[in-house]
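Following: one structure in structure tokens, then a few remarks.
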Amino acid sequence: MCGIFGVVNDKAATETLLKGLSALEYRGYDSAGIATLTEGELDCRRAPGKLINLEQVIEALPLEGQTGIAHTRWATHGQPNEANAHPHLSLNVAVVHNGIIENADELREVLSASGVCFLSDTDTEVLPHLIANYLSAEVCPALAIQTALREVKGSFALGILIKGMEDQIIATRRGSPLVVGFNSESAFIASDMVAASGMADEILYLEEDDIAIVKAHDVVIYDAQGELVERKKVTVDHDQFVATKEGYDHYMLKEIHEQPNALQRTWNGFSSTSLNQIEEIDFANIDRLQIVACGTSFYAGLVAKYWFERMADLIVEVDLASEFRYREPPMPKKGGCLFISQSGETADTLAALRFAQSKHQYCLSVVNVPNSSIARESDYVYRTLCGPEIGVASTKAFTSQLAVLFGLVKKAAAERQAGKGILSELGKHSEGDVISRVRSALMNDEKRHAIERAARIFENATSAIFLGRGQCYPIALEGALKLKEISYIHAEGYAAGELKHGPIALIDEGMPVVVVAPYDRLFEKVVSNLQEVRARGAKVLLISDKLGCEMCKDYADQFIEMPTLHEVLAPFIYSIAVQLLAYYTAVQRGKDVDQPRNLAKSVTVE
């Protein structure tokens with residue numbers, strides 16, 4: 001969500017901090033700010049809105065100093081205005097914060113009683129005042145901060161400046177990610193690898209409740225018990241984190257078009273990385289698989305449920321991470337859990353993983369970011385190799401997750417001696433078939449223009465419905481989510497067979513209904529549902545293959561014809577259609593495709 005960046009020992013610190021914030025814009029934000037140390041004194045600039053507003057403030061009132069911290073805020077407590085923007089300051093401490101302080105109201109009452117005057121509505125502002133209280137009593141600033149934070153409930157990643165200490169930033173985290181980076185001259189702190197990778201040559205990841213004193217050429221780290229520890233440094237692969245639009249109008253469009261290569265890399269590199277040297281899962285030894293994820297990753301898990309149960313004869317439950325641990329499900333002795341997260345830092349998914357580990361479950365994860373918290377804490381890790389995804393609406397990460405999940409299904413089928421009929425139908429070149437069809441759909445100008453024209457079905461829409469059956473039901477859910485995320489049209493996805501059990505009451509004259517229906521064993525059922533909504537005046541857009549479009553030429557208002565592919569593999573190709581449909585709809589409506597309102601790329605708070 002929010003973004004943290006900091007630099008130590010940089011002659012152009014403000015310029016570098018602004019560059020770091022620019023790299024964090026993709027995470028989503030609604031205000032920004034910078035604090036520096038100048039001749040030992042704290043100085044700060046903040047502004048609501050986009051980063052350009054902060055740049056204008058700094059241009060009018062320059063900010064000096066060689067050490068500083070910076071922040072892009074996504075509002076939780078208090079409106080997105082200048083007073084609530086980070087950094088927040090006391091007389092001798094400046095703080096930037098990602099996360100939520102759950103007992104902020106209690107701390108505010110205590111601090112107010114001692115004479116502290118608060119200037120914002122945020123939970124964060126209690127931190128600099130709380131830390132300042134303990135600094136006066138402790139010789140070591142890091143240990144003073146650690147003592148202060150023992151009073152704090154909630155999650156945080158913090159970058160801290162202390163008056164008079166120009167040679168250092170103090171960094172700490174609990175439940176929210178933070179990295180420390182170095183090059184030959186300076187040191188950095190950042191919310192994620194992407195922001196730091198443009199400047200740092202080496203990076204280390206802080207563990208829970210670490211306190212790091214970050215200097216230009218050194219870092220001293222205390223663990224949760226106050227003991228000195230070392231954390232492993234990782235060399236940065238700068239090429240891996242290059243993020244430019246490369247001539248496309250938006251990152252989202254570029255990332256949609258990167259999917260053939262992302263799928264190729266992911267399948268070519270389909271191998272596991274056991275960070276903890278725990279034996280790889282044998283699917284023959286588990287009775288049930290629990291898939292846990294959020295948002296788009298949850299829909300990837302739903303697709304995988306159809307695959308695992310049909311091809312590997314394995315019972316699968318799919319849970320939203322935000323609900324999973326709170327319902328305290330019974331965990332079988334021979335159970336495995338699979339966690340899916342693009343960032344590897346999704347707070348709800350990480351908490352669910354820790355819950356599963358407390359129940360002695362085997363924990364397997366699918367992530368895009370190596371060394372992320374979920375990757376480090378899982379028993380076994382499979383990586384999607386799609387590269388950085390900057391657009392908030394997930395595209396190539398979703399299909400790359402499907403690629404890994406499909407590989408796991410094939411592995412499970414082999415180990416459980418199941419699915420031989422379907423796997424034989426798919427043949428040895430199923431992955432290559434997917435890549436060629438996806439590339440064909442994206443490179444075919446006629447198909448892309450057809451989707452752009454079809455997007456006009458939403459021209460005057462305030463609501464829309466997406467329908468699908470079988471493994472295309474999750475794609476209908478994903479299509480509705482994409483439309484909501486970037487065009488702000490209210491949209492809902494339904495299993496087509498559930499239409500008559502309530503949702504059909506929503507259908508009125510002119511409502512757009514998108515039907516995702518390849519010509520497969522369920523096609524005739526979907527056609528019946530299509531006719532039901534059209535009979536009630538809906539505008540029907542059918543996404544199908546050539547035969548499906550021909551069969552329904554009299555039943556739909558518009559068509560998007562996709563390449564023909566085996567029904568098991570259909571989610572890959574139909575994902576492309578709903579992604580482009582949402583994209584062109586948002587563009588036609590003049591929306592900010594890459595940074596939709598109220599959304600963040602990585603949700604690191606519950």
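The values are calculated or read from the model by the stated rules, or taken from the named source; none is laboratory data. All values derive from a computational prediction rather than experimental measurement. Methodologically, a virtual Cβ is constructed for each residue, glycine included, from the backbone with ideal geometry; neighbour enumeration extends over all protein chains shown. Protein only, heavy atoms only, side chains kept; ligands, DNA and RNA dropped before computing areas. Shrake-Rupley method; radii C 1.70, N 1.55, O 1.52, S 1.80 Å.
Quick notes
- Per residue, the accessible area of the range 1-153 comes to 41 Å², computed with a 1.4 Å probe over protein heavy atoms only.
- A Cβ-based charge dipole, computed about the Cα centre of the chain with Lys and Arg at +1 and Asp and Glu at -1, lands at about 1820 debye.
- Portion, in percent, of the accessible area of the chain that falls on carbon or sulfur, probe 1.4 Å: 47 percent
- Measuring nothing but alpha carbons in the range 397-514 and taking Rh as the Kirkwood radius, the Rg to Rh ratio lands at 1.05.
- A Förster radius of 30 Å, combined with the Cβ-Cβ distance separating Val110 from Arg354, puts the computed FRET efficiency at roughly 0.50.
- Nonlocal amide H pairs with Ala187, under 5 Å, H built at 1.01 Å: Val8
- Efficiency of FRET between Ala12 and Glu246 - r from beta-carbon atoms, R0 25 angstrom, step 0.05: 0.35
- Count Lys and Arg as plus one, Asp and Glu as minus one, and take only other residues whose Cβ is under 10 Å from that of Gly344; the net charge is then -1.
- Euclidean distance between Cα centres, the range 80-106 to the range 420-436, Å: 53 Å
- For the range 269-345: rounded, prolate or oblate by the Cα gyration tensor [a/c cutoff 1.5]: rounded
- The range 290-386: C-alpha gyration tensor shape, a/c 1.5 cut-off, then a/b vs b/c: rounded
- Around the Cα centre of the range 132-189, unit charges on the Cβ atoms of Lys, Arg, Asp and Glu (plus for the first two, minus for the last two) sum to a dipole of about 340 debye.
- Accessible surface ranking that places the most exposed of His250, His501 first, with a 1.4 angstrom probe: His501, His250
- What the phi angles of the range 58-72 give under the Karplus curve with 6.51, -1.76 and 1.60, with θ = phi - 60°, is a coupling list of 5, 4, 6, 9, x, 10, 8, x, 10, 10, x, 10, 9, 7, 10 Hz, glycine and proline written as x.
- For Val116, the solvent-accessible surface with a 1.4 Å probe is about 30 Å², rounded to the nearest 10.
- Cα-based shape type of the range 132-182, given that a ≥ b ≥ c are square roots of the gyration tensor eigenvalues and the cut on a/c is 1.5: oblate
- Lysine-lysine proximity count for the range 481-573, Cα under 23 Å, sequence distance 8 or more or distinct chains: 8
- Projected-area mean, the range 460-507, by convex hull of Cα positions, square nanometres: 3.2 nm²
- Charge sum, other residues only, whose C-beta stays under 15 Å from Asp167's C-beta, Lys/Arg counted +1 and Asp/Glu -1: -3
- P(r) tail, the chain: Cα-Cα pairs separated by more than 49 Å, 15% of all pairs.
- A cut-off of 5 Å between modelled amide H atoms, ignoring neighbours fewer than 5 places along the same chain, links Val318 with Ile291.
- Residue-span extension gain [Ser528 to Asp554] - 0.36 nm each, minus C-alpha spacing: 8.1 nm
- Local charge for Lys553 was computed over the other residues whose Cβ lies under 15 Å away, with Lys and Arg +1 and Asp and Glu -1, and equals -3.
- Fraction of the pair-distance distribution of the range 170-321 above 27 Å, Cα-Cα pairs, percent: 48 percent
- Rolling a 1.4 angstrom probe over the protein heavy atoms with all chains in place gives the range 234-377 an accessible area of 42 Å² per residue.
- Estimated vicinal HN-Hα couplings, Hz - the range 188-196 in sequence order (Karplus 6.51, -1.76, 1.60; Gly, Pro = x): 9, 10, 7, 5, 8, 4, 4, 5, 7
- Note on His429 and Leu547: with the Förster distance fixed at 25 Å, the Cβ-Cβ geometry gives a FRET efficiency of about 0.70.
- One chain, two ends: His501 and Asn285. Fully extended at 0.36 nm per residue, the span grows by 73.9 nm beyond their Cα-Cα distance.
- Pairwise alpha-carbon distances in the range 1-127 exceed 20 Å for 40% of all pairs.
- Proximity of backbone amide H atoms, modeled 1.01 Å from N, is registered between Gly154 and Glu102 at under 5 Å, excluding neighbours fewer than 5 places apart on the same chain.
- Taking the charge dipole of the chain about its Cα centre, with +1 at Lys and Arg Cβ atoms and -1 at Asp and Glu Cβ atoms, the residue from Val587, Ala505, Ala293 reaching farthest to the positive side is Ala505.
- Backbone phi angles across the range 464-478, fed through the Karplus curve with coefficients 6.51, -1.76 and 1.60 (θ = phi - 60°), yield HN-Hα couplings of 8, 10, 10, 10, x, 10, x, 6, 8, 4, x, 6, 5, 4, 5 Hz in residue order; Gly and Pro are listed as x.
- In a fully extended conformation the segment linking Gln588 and Glu328 would gain 89.1 nm over its present Cα-Cα distance, using 0.36 nm per residue.
- Probe 1.4 Å, protein heavy atoms only - accessible area per residue of the range 422-506 in square angstrom: 44 Å²
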